[in-house]
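The values are calculated or read from the model by the stated rules, or taken from the named source; none is laboratory data. Bear in mind the structure is a predicted one, so any value in this text is a computation, not a measurement. Neighbour counts run over all protein chains shown; Cβ positions are idealised from the backbone, glycine included. Accessible surface is based on the protein model in full, side chains and every heavy atom, while ligands, DNA and RNA are left aside. Shrake-Rupley method; radii C 1.70, N 1.55, O 1.52, S 1.80 Å.
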Amino acid sequence: MATKFININLKIWRQKNANAKGSLESYKLDKVSTDSSFLEMLDQLNEQLINEQKESIAFDHDCREGICGMCSLYINGRAHGPDTGTTTCQLHMRKFNDGDTIYVEPWRSRAFPIIKDLVVDRSAFDRIQQAGGFVSVNTSGRTMDANAIPIPKADADKAFEAAACIGCGACVATCKNGSALLFVGAKVSQYALLPQGKVEAQERVVNMVRQMDEEGFGNCTNTGACEIECPKGISLENIARMNREFLFAAAKSE
Amino acid sequence: MALTGLFLCTFLVGHLAGNLQLVFSTGEEGKRAFNEYAYFMSHNPAIKLLSYVTYISILFHIVDGFMLTIQNKKARPVGYAYNKPGANSSIASRNMAVLGTLILVFLATHMANFWWKAKVSSEKFPLHTYTVYPPMAERPTEMYYTVKGDAIPKEGVIVKEGTKLFIDSKMFEQQIAVMKQMNPGQQLPDMSQMNKNPELGEGYKDLHSLVFAFFGHDKSKQGFPKNDMALAGLIFYVISMLVLGFHLWHGFSSAFQSLGVNHAAYTPWIKKIGYGFAILVPGLFALIPIVIFITK
């Protein structure tokens, strides 16, 4: 595909800090290569802003190859933009046309407060992980080889699919209820499916769900939006598994 | 939400089965069948228990629904300037609370129109009557149809406690007085020795006519005023069933997912059954008043 250059209009959320009142600002950016990624386009815009002696736009990014979970952005009404199964860094400008107006907004959730511009604080996810997203293993002395425990292939595959979650928060951002159930469902599932995770399975799901509620995420109404917007294709099956684990754990708890 | 929702789905099936009698059996036979069924539904202790479970389920479903919706709204205090929810979810799934509220409005009017009148209101509720044409009589006679299957002439009978049929003793005395005048010598029973208020039986509340009158039939002879708003009532009913259909379109399979039932082999079937349920049940519910209205 031959490289093309397009001129675009941008409407980007600018907010000085967590407490400031933000607003959508309009920008014009010319000569954007259709080969560039969405983040490279934002880099280009930032260079333009710096040359104009203006403050550059803050946005999250790290690996730029779709694996770290740092990039976010609500682009033209969809998490990670119009593509499915991709993160924002994997979105390319060839998906847009000359003269397009592109809306860029931060994730909107009470549990993800804005730090600056398009950067939100996703540490709520870290706290949910800390509440139960781990297995306790003996790491001193004679440790056991994890591969010594036989695991059915189907279970291993499902656990791996759940573990593909990069914690980007697109599920929360796209959910009309701001629910984090796909994230928590994936984190619960990746352990629940494996023998190593069975030991703490019961308290894990209860603790993670409790932390999730404390963080102020909404409730799941099964619209299925998260599954479609998830860059890693995490399935709703994980939410059902988490619900199942939770129901049994709640019924068994003393 | 899931448990109460699924229970209410079973309630819908039961309610629909009852309603279908309105159109599947016609004439006096059909009317009897329906009123007998209605009597059974309000007197059988097991059904009574079930009805309380239904009331509680409805209340819980409503309260829980409102509470969840409020929490969900709070989870996103600032919305998006540009949002395209249609790209990833169905309209029904995103509007369950709105659809549910509309169903609640329908439920309020529905219960006021039928449940309240038949079960709660202290106003006199017309009983099941039918007309017989005795071979030698000059005019047809109106009869009550009783719980025991007896036929009791309407004339000379008074109704107490809503459905209990008693001899109108005043009229009886008058008749005896007339007979005494006509045949002075005849031996007639001494009224003072008789039970002045013998109970003759229990009538059926005529819910069949209530429904038919509501949807446009002239049942003034049965004691129901003609409803001039029948068409408006019908349209509101049909629209409400459409709303219910959308609610079920998402709700049926969603309930299974919430309860943790998601399986590669079964979930596609649960979804298909849910879509079928969402079309069939409200569709048949809506068809009944349409049939009643066009046969008026």
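With only Cα atoms counted, the range B:98-238 has Rg and Dmax values of 20.7, 78 Å. For the range A:2-44, the fraction of C-alpha pairs more than 13 angstrom apart is 61%. Under the simplified labelling scheme, the residue A:43-residue B:104 pair shows an inter-label distance of 5.2 nm, with each label point 7 Å from Cα along Cα→Cβ. Restricted to Cα atoms, chain A shows a radius of gyration and a Dmax of 20.5, 65 angstrom. Largest mean-square fluctuation among A:133, A:77, A:167, in a Gaussian network model of chain A whose springs join Cα atoms under 10 Å apart, belongs to A:77. With contacts defined as alpha carbon pairs under 8 Å and 6 or more residues apart, what's the relative contact order of chain A in percent? Relative contact order comes out at 19 percent.
Think of chain A as a dipole: +1 on every Lys or Arg Cβ, -1 on every Asp or Glu Cβ, centred on the Cα centre; then among A:6, A:240, A:169, A:240 lies furthest on the positive end. For the range B:13-32, list residues with backbone N below 11 Å from a point placed 7 Å from the Cα of residue B:50 toward its Cβ? It comes to B:13-18, nothing else. What shape does the range B:129-203 have by the C-alpha gyration tensor, where a ≥ b ≥ c are the square roots of the eigenvalues, rounded means a/c under 1.5, and otherwise prolate means a/b greater than b/c and oblate the rest? Note, shape of the range B:129-203 comes out oblate. Accessible surface of residue A:228, taken over heavy atoms with a 1.4 Å probe and every protein chain present, rounds to 70 Å². For the set B:116, A:13, solvent exposure ranked by accessible area (probe 1.4 Å, protein chains only) runs largest to smallest as B:116, A:13. Here the protein assembly as shown is treated with +1 on each Lys and Arg Cβ and -1 on each Asp and Glu Cβ, and its dipole about the Cα centre works out to around 580 debye.
Give me a single rounded figure for A:102-111: the average over its residues of other chain Cβ atoms within 10 Å of their Cβ.
Per-residue shielding by partner chains comes out at 4.
Each of residue B:232 and residue A:144 was given a label point 7 Å from its Cα along the Cα-to-Cβ line. The distance between the two points is 7.4 nm. Take residue A:237: with every protein chain present and a 1.4 Å probe, its accessible area is about 40 Å². Counting every C-alpha pair in chain B, the share spaced more than 26 angstrom apart comes to 58%. Candidate cross-link partners of residue A:95 among the aspartates and glutamates, defined by an alpha-carbon separation under 19 Å and a same-chain spacing of 8 or more, comprise A:30, A:35, A:40, A:43, A:65, A:83, A:105, A:229. Summing Lys and Arg as +1 and Asp and Glu as -1 over all other residues whose Cβ lies under 15 Å from the Cβ of residue A:31 gives a net charge of -4. Dividing the mean sequence gap of close Cα pairs (under 8 Å, 6+ apart) by how many residues the range A:5-115 holds gives a relative contact order of 34 percent. Ordered from highest to lowest accessible area with the whole protein assembly present and a 1.4 Å probe, A:213, A:60 read as A:213, A:60.
To the nearest 10, the accessible area of residue B:218 is 100 Å² with a 1.4 Å probe. If you sort the three axes of the alpha carbon gyration tensor as a ≥ b ≥ c, you get a/c of 1.5 or more for the protein assembly as shown and a/b above b/c, which makes it prolate. Each label point was placed 7 Å from the Cα along the Cα-to-Cβ direction; for residue B:138 and residue B:28 their separation is 2.3 nm.
A DSSP coil position with no more than 13 other Cβ atoms inside 10 Å describes the following trypsin sites (Lys or Arg not before Pro) in the range A:130-165: A:142.
Counting only Cβ charges, +1 for Lys and Arg and -1 for Asp and Glu, the dipole size of chain B around its Cα centre is about 1160 debye.
The residues neighbouring residue A:10, those whose beta-carbon lies less than 12 Å from its own, together hold a net charge of -1 under the Lys/Arg +1, Asp/Glu -1 convention.
For the segment A:123-133, counting C-beta atoms of other chains within 10 Å of every residue's C-beta and taking the mean gives 0. Mean residue ellipticity at 222 nm, helices only, the protein assembly as shown: -15500 deg cm²/dmol; runs of at least 4 DSSP H residues each add -39,500 (n - 2.57), and the sum is divided by the number of residues.
What shape does the range A:5-115 take by its C-alpha gyration tensor, where a ≥ b ≥ c are the square roots of the eigenvalues and a/c under 1.5 counts as rounded, a/b above b/c as prolate, and the rest as oblate? Note, shape of the range A:5-115 comes out oblate.
Peptide packing for A:189-195, B:33-39 was compared via the average number of neighbouring C-beta atoms within 10 Å per residue; ordered from the highest value, the list is A:189-195, B:33-39. Return the FRET efficiency for the residue pair residue A:68, residue A:4: r is the Cβ-Cβ distance, R0 is 25 Å, and the value is rounded to the nearest 0.05. Once rounded, the FRET efficiency stands at 0.30.
The mean number of partner chain beta-carbon atoms within 10 angstrom of a residue's beta-carbon across peptide A:11-18 is 1.
Just A:32, A:205, A:135 to compare: in a GNM of chain A, with alpha carbon springs under 10 Å, which one fluctuates most? Evaluated over chain A, the most mobile residue of the options is A:135.
Between residue B:78 and residue B:239, the C-beta separation translates, for a Förster distance of 22 Å, into a calculated FRET efficiency of about 0.05. Ignoring aspartates and glutamates fewer than eight residues from residue B:160 along the same chain, the ones with Cα atoms less than 15 angstrom from its Cα are B:123, B:168, B:199, B:202.
For the listed residue pairs A:187/B:74; B:31/B:271; A:187/A:252; A:176/B:271; A:21/B:84; B:148/B:219, the alpha carbons are over 29 angstrom apart in B:31/B:271.
Length gained on full extension, residue A:253 to residue A:30: 74.2 nm, using 0.36 nm per residue less the C-alpha separation. Think of each Lys and Arg Cβ as +1 and each Asp and Glu Cβ as -1; about the Cα centre, that makes the dipole of the range B:129-203 roughly 80 debye.
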